[in-house]
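See below for the structure under consideration.
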Amino acid sequence: MFLIISLIFSLLSFSSHASVLDFCVADYTAPNGPAGYSCKNPAKVTENDFVFNGLRIAETETLLYLGAMSLFGLGSRNQKTFRPKKSAPSGSKGAQLKKHIDATLGSGNLREAVKLPPGEDINEWLAVNTVDFFNQVNILYGTLTEFCTPIDCPMMTAGPKYEYRWADGIIIKKPIEVSAPKYVELLMDWIESLLDDETLFPQRLGSPFPSNFQEVVKTIFKRLFRVYAHIYHSHFQKIMSLKEEAHLNTCFKHFVLFTWEFRLIEKGELAPVQELVDSIIQL
C-alpha cells in the first residue's frame with residue numbers, strides 16, 4: 001500500500017517468533033435472527049493474530065502501525081482522507097506529547113505506548129490522543145467512501161442487530177435515522193467542532209480543561225468506535241480486497257488498548273465486535 005511498503009515488511013521478521021496460544025475461532029451466526037458469536041473448531045493462532053467473523057486476521061503489530069500512521073495515504077489508493085487531518089499547534093503541550101506518541105509507537109509495544117507518560121496530565125494525554133484517533137478514523141474511512149454510499153449502506157449499522165442513529169444534542173436533539181456515510185459525515189463535523197473549541201480543547205500550555213472534559217472525550221470515542229464496528233461488519237471483505245486489513249486491524253488494536261487503558265467506552269457499547277475486542281485485550 002505504501003511506496004516503501006517493502007521496507008516496512010522487511011522489519012516484520014520478528015513475527016515468526018511469536019508465541020502460539022490456544023484460541024477459538026469466532027463464527028458469526030445470524031442467519032435469520034439476532035446476531036451472536038460462537039466458538040467452534042479450536043485453532044492455533046499466534047499472539048499477533050486475532051479473529052473476526054470466522055476469519056483469522058494477521059495483525060502486524062507496531063512497526064507496520066508506525067509506518068501506517070506516519071505514511072498512511074502515501075502511495076495508497078487515491079491517497080484519500082475523509083477530510084483534512086487535524087494537528088496540534090506547534091509549541092503547544094499537545095505537540096510535545098504527539099512527538100512522545102510517535103517515539104513510543106516505535107518501541108514495539110502498543111500496550112506501553114498507550115499509557116500516560118510519567119508526570120504528564122491525563123487530560124493533556126487524552127486530548128492529543130483524541131486528535132490522533134480522529135485522524136486515524138478519518139484516513140481509514142477515506143479509503144471506503146466510494147463503497148460506503150447511501151445506496152449500499154442506507155442505515156448506520158454494525159451487523160443485523162445494531163443500528164446507530166444520530167443526535168448531537170444541540171441541532172438534532174432527537175436521534176434520527178441516517179445512512180452510514182451521512183452518520184460519519186455528521187460525526188466528523190461534530191468532533192471537529194469540539195476539537196476547534198478552545199474552551200473544551202485548550203491550545204495554550206497551562207490553560208485549564210473544563211470539568212466535563214473526560215465525559216466529552218468518552219462520547220467522542222464511543223462514536224468513533226461505531227465507525228470501526230460498521231467497517232468490520234459491512235466493509236471488511238472490501239478492506240481485504242484492497243489489502244488494507246493489516247492497517248485496519250492494527251489501528252483498531254491501538255484504539256481498543258487506549259480506550260481500555262482509560263475506560264473510555266462502556267463494555268455494552270463494544271458488543272458488535274466483542275469477540276474481536278476480547279481477543280485484543282487478552283493477548
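Quick note: the coordinates plus some simple rules give every number you see, no bench work behind them. Because the structure is predicted, anything quoted here is derived from the model rather than measured. As a convention, Cβ positions derive from the backbone with ideal geometry for all residues, glycine included, and neighbour counts pool all protein chains shown.
The table below gives the values:
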{"quantity": "Note, ³J(HN,Hα) from phi for the range 153-165, Karplus 6.51, -1.76, 1.60, rounded to Hz, x at Gly and Pro", "calculated": "10, x, 10, 8, 10, 9, x, x, 9, 10, 10, 10, 10"}
{"quantity": "Burial order of peptide ranges 143-152, 124-133 (average beta-carbon count within 10 Å, highest first)", "calculated": "124-133, 143-152"}
{"quantity": "Glu215 paired with Glu198, simple spin-label distance in nm, labels 7 Å along Cα-to-beta-carbon", "calculated": "2.5 nm"}
{"quantity": "Under 5 Å, built H, 5+ apart or other chain: amide partners of Thr157", "calculated": "Tyr164"}
{"quantity": "Pairs beyond 29 Å (Cα-Cα), from Lys222/Lys243; Lys182/Lys253; Lys115/Lys173", "calculated": "Lys115/Lys173"}
{"quantity": "Kirkwood Rh and Cα Rg combined as Rg/Rh, the range 146-207", "calculated": "1.13"}
{"quantity": "For the range 243-283, fraction of C-alpha pairs farther apart than 14 Å, in %", "calculated": "47 percent"}
